[in-house]
Amino acid sequence: MVLLIYGWKKIPEFELKSLSEKSCFSIVVPFRNESENLTYLLNSLARLQYPASHFEILLINDASEDHSKEICTNFRKNNPELSLQILDSKRFTGSLKKDAITKGIENARFENILTTDADCKVPATWLKAFDEMIIANAAKLVARPVKIKNRNSEDHSLNSSGEKKGKSNSQAFEELDPLLINI
């Protein structure tokens, strides 16, 4: 664990340089019974500071039994400027999330594929950061860390056992800046 933290701190910070956008992205979001979280993610995707023509959103429903699909349908109606598909996952392996992501990738229009979970929230410069990292480094793979936050935007950390500290029931993951992994 100490080596991981040591190595993490040696990674140089990434700063946006205001390059013109070149990369196009397919954003794949699998979801199952995420009606409490989807609005946060969808609103953050609507606030992306990136040309709408350069990305699409693929929401993959994995047999939700709540109002998740309705939330996605309403979001699509209220945001016609966004390229957004709502697809139903077909189960063909024992890994439900893998099946949903595979469905999204099969339907993706763009070469650069990003995945995020329905309980995440992305920053407005999320795509811009990935784009600049790809351009600056000819990267083939870019990963990003997340941090856990509760819904009122206070940091919400985990103890050493990985259990949640505090009493908040409404937590989410916030995507952070990308990390370059050049293969």
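Return the only residue of PHE25, PHE75 being surrounded by 14 or more Cβ atoms within 10 Å (Cβ to Cβ), under 20 Å from ILE134 (Cα atoms) and hydrophobic (A, V, I, L, M, F, W, C). PHE25 is the lone residue from the list that is surrounded by 14 or more Cβ atoms within 10 Å (Cβ to Cβ), under 20 Å from ILE134 (Cα atoms) and hydrophobic (A, V, I, L, M, F, W, C). For ASN112, the test of being among the polar types (S, T, N, Q), at pLDDT below 95 and surrounded by 12 or more Cβ atoms within 10 Å (Cβ to Cβ) is passed.
Residue-level check: of (1) part of a loop (DSSP other than H, G, I, E, B); (2) crowded, with 17+ Cβ neighbours inside 10 Å, SER20 misses just (2). Here LYS69 clears all of (1) surrounded by 13 or more Cβ atoms within 10 Å (Cβ to Cβ); (2) under 19 Å from ALA129 (Cβ atoms); (3) modelled with pLDDT of 95 or more except the condition numbered (2).
Among the residues of the stretch 28-66, those identified as in contact with a helix residue (DSSP H, G or I) (Cβ under 8 Å, 6 or more places away or on another chain), of a type in the set (Ser, Thr, Tyr) and farther than 26 Å from ILE134 by Cβ are SER35, THR39.
Yes/no per residue for (1) touching a residue at least 40 places away in the same chain (Cβ under 8 Å); (2) among the basic types (Lys, Arg); (3) within 24 Å of VAL142 (Cβ to Cβ):
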position: THR73; (1), (2), (3): no, no, no
position: ARG76; (1), (2), (3): no, yes, no
position: SER83; (1), (2), (3): no, no, yes
position: GLY94; (1), (2), (3): no, no, no
position: ILE105; (1), (2), (3): yes, no, yes
position: THR115; (1), (2), (3): yes, no, yes
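Within the stretch 41-59, the set of residues being crowded, with 19+ Cβ neighbours inside 10 Å and part of a helix (DSSP H, G or I) comprises LEU41, LEU42, SER44, LEU45. Tell me which residues, restricted to the stretch 86-109, are touching an Asp or Glu at 6+ places or on another chain (Cβ under 7 Å) and modelled with pLDDT of 95 or more. Passing the criteria: only ARG109.
Does ALA124 satisfy being modelled with pLDDT of 80 or more, closer than 26 Å to ARG47 by Cβ, under 15 Å from the mean Cα position of the chain (by Cα) and assigned to a loop (DSSP other than H, G, I, E, B)? Here the answer is yes, as ALA124 does meet what is asked.
The values are calculated or read from the model by the stated rules, or taken from the named source; none is laboratory data. Not measured: the values here are computed from a predicted model. Ideal geometry is used to build each Cβ from the backbone, glycine not excepted, and the neighbour counts take in all protein chains shown.
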